[in-house]
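Working notes for the structure below.
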Amino acid sequence: MVLMNPVISKLTGKLVVLASASPRRLEILTNVGLRFEVVPSWFKETLDKRLFKTPHEYAVETAKQKALEVAKRMPFKHLKTPDIVIGADTVVTVDGLILEKPVDKQDAYRMLSRLSGKEHSVFTGVAIILCHEKEDTFQLNAFIIDFYEETKVKFADLSDDLLWEYINSGEPMDKAGGYGIQALGGMLVEYVHGDFLNVVGFPLNQFCKKLGLIFSPPGSLTHNSTQNSPQGSPVDTVPPAEPAASSPPGSPTHNGPPDSQGQNIPSASTAHNVSTHVNNVREHETEDGKEKLSKMIELMDGFKASKVLFTASKLRVFDVLRSSKTGELQAEDVAQEIKASIMGTERLLEACVSLGLLQRTGKEYTNTAMSRHFLLSDGPLSLQGYIQHCNELVWPLFTHLETAVREGTNQHEKAFGKTSNLFQDAYYSRHEVKLRFMKAMHSIAKVSGRDVATAFDLSKYKTACDLGGCTGAMAYEFAKAHPGLSVTMFDLPEVIEMRGHFRPHDADDRVSFVAGDFFKDELPKADVYILARILHDWSDEKVHILLSKIAKACNPGCCVLVSEIFLDEDRKGPSRGLLQALSMTEGRQRSASEYSLLLKSHGFTAAQVKHTHNLLDAILCVTE
Ligand SMILES: C[S@@+](CC[C@H](N)C(=O)[O-])C[C@H]1O[C@@H](n2cnc3c(N)ncnc32)[C@H](O)[C@@H]1O
């Protein structure tokens, strides 16, 4: 039995066309009682993915082009004009890559092994084209409504045997990401967050909602009730609903202004001599507008969200919740624990819930998985140290941004006075400030260290020296990741004397500590020199001094591993790097090729770059 969705029933009597050959989309739409023709699109999926900021923009554009191609072709080839054309495109994204359909078995293997053990996103872009033939002008207006749906899917760890068995079943070949969740591919999946049918290939739920908006827009019923459906019941036909949404004030209701895209679609009856226009309904513009507005709001409120995080961390809210017997507490209990007012605490906790830092069930608050991961002070990946540093040091620095920008000075000078050496005069001037700075460095190194340490194959090297290694967190990660490597951690004497504070309980004795100044003192001999978050602090001039010292200490075949936030080559992002640049003193943020050039000038060539998708990227250069 088919359960007819009331929205779907509004399409009765219309020529609905699915511009897709996918049997899965066909099945999903047939199952809900939609009557439609299938006219597979001839649009070649060759859009340049690099031109799209996000995968969903790519999927939506492809869906739109597929549907438009069919809408344009039908009047010519099929001698009929569809009322509605539906286009869809599904992509799978992982590690910043868009995966479409595999071209062969090897490609399927590459895709599936990339997905193994990880969470990925499935995006389906959908375009609904409403075609309206106007008798008076023989023109055909096409209104486009587009949207996308994202579903997160996690694959289990998959053995090669299982992958090949699956690939040899033939199932992966015509499917985005190389799997079909509705059939054998379901075995690969650990969990799905979001719309399951979206993974199959069509986000039915959102599609029905969009149809609901198109055919029953608020206030449109009275307007449309004068028009009767073939069955004699009031129906919200396409043309009256659209202009109400799409025409700017004062423009002709039905025709609307020609769209700037100027796409022409011949109508069925007058295909030979008339042109038509594609107009985006205002809903489409509004969706876009809404996205822009919410981005603006996010930017305006960004500082409030940061301060909520800083304050909740400083008041130990996350630790307090964790240490309660059940892991949950009411606002008054939290208030008592953190010695704060009940009202203030309640507001803080509510704000934390809205930011995804806490969850609330009834009156009980608990930590979210994200908070448990990063915000407990003794967690292995705790960012508390860095958060405290942001609150106590970076926040005051940014209050001086305007003056610093106007005067071309750095904020440090404004906030803390002139310093001749940032580390010795500012960060290490007082014990508690030094400890705070070191805790900040420690937390970032703990979170990013493993990815940096495993970015390259270092198995042929025996010794490494982590210059400016601070607490040793990075050095321990390198030792852990490379069993044949001994690591010397080199830093200023006032830092080395603090190493006991940060010694891990399972400290590896392949890590040793040497005190010194890397601009003045002799550097320890090593096969690999690690410079993690060092070079950005210094001018090119100072970087050259340091690199020439390393080059002198190096034997042929030695290498330098630089780990930093790499700016995009066009310096348009990532914003994390560009925002950090605003509070820097004499240093600067650089791109991977800028680091590579600096290194090359000291004989370190053959650069390999690794974008780790963690907080820090890495580049490895070897001496000739
Ligand atoms: C931004 S921190 C980076 C710490 C560490 N490499 C990491 O990634 O976590 C810079 C480090 O360089 C050290 N440093 C600064 N000037 C130095 C110098 N002249 N000689 C040796 N170490 C120095 C600081 O003490 C600090 O530990």
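The values are calculated or read from the model by the stated rules, or taken from the named source; none is laboratory data. All values reported here derive from a predicted model rather than from experimental measurement. In this analysis, Cβ positions are derived from the backbone assuming ideal geometry, glycine residues included, and neighbour counts consider all displayed protein chains. With ligands, DNA and RNA removed, areas are computed over all heavy atoms of the protein, side chains included. Shrake-Rupley method; radii C 1.70, N 1.55, O 1.52, S 1.80 Å.
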Candidate set from the range 515-534 (those that are touching a helix residue (DSSP H, G or I) at 6+ places or on another chain (Cβ under 9 Å) and more than 10 Å from the ligand (Cβ to nearest atom)); member that is nearest to Ile565 (Cα to Cα): Tyr529
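Here is a yes/no grid of residues against (1) small (Gly, Ala, Ser); (2) free of Cβ contacts under 8 Å to residues at least 40 places away in the same chain; (3) open to solvent by 60 Å² or more (accessible area, probe 1.4 Å):
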site: Phe36; (1), (2), (3): no, no, no
site: Trp42; (1), (2), (3): no, yes, yes
site: Glu45; (1), (2), (3): no, no, yes
site: Asp48; (1), (2), (3): no, yes, no
site: Lys53; (1), (2), (3): no, yes, yes
site: Val60; (1), (2), (3): no, no, no
site: Ala67; (1), (2), (3): yes, no, no
site: Val70; (1), (2), (3): no, no, no
Residues being part of a strand (DSSP E or B) and either open to solvent by 50 Å² or more (accessible area, probe 1.4 Å) or in contact (Cβ under 8 Å) with a residue 40 or more places away in the chain (or both): count how many of those fall in the range 499-523. 4
Unique match (being more than 23 Å from Gln580 (Cα to Cα), at pLDDT 95 or above and open to solvent by less than 50 Å² (accessible area, probe 1.4 Å)) among Met441, Met489: Met489
Let me confirm something: among Glu392, Glu407, Glu432, which residue is farther than 30 Å from Asp95 by Cα, loosely packed, with under 14 Cβ neighbours inside 10 Å and either in contact with a Pro (Cβ under 6 Å, 6 or more places away or on another chain) or modelled with pLDDT of 90 or more (or both)? Glu432
Out of all the residues in the range 446-474, which are under 29 Å from the mean Cα position of the chain (by Cα) and under 23 Å from Lys549 (Cβ atoms)? Val452, Phe456, Met474
For the range 529-553, enumerate the residues that are open to solvent by 20 Å² or more (accessible area, probe 1.4 Å), touching a strand residue (DSSP E or B) at 6+ places or on another chain (Cβ under 9 Å) and outside any helix (DSSP H, G or I). Arg533
Out of all the residues in the range 166-204, which are open to solvent by 40 Å² or more (accessible area, probe 1.4 Å), in contact with a helix residue (DSSP H, G or I) (Cβ under 9 Å, 6 or more places away or on another chain) and without any contact (Cβ under 8 Å) to a residue 40 or more places away in the chain? Ser169, Ala183, Leu184, Met187
Among the residues of the range 367-376, are any within 16 Å of the ligand (Cβ to nearest atom) and without any contact (Cβ under 8 Å) to a residue 40 or more places away in the chain? no
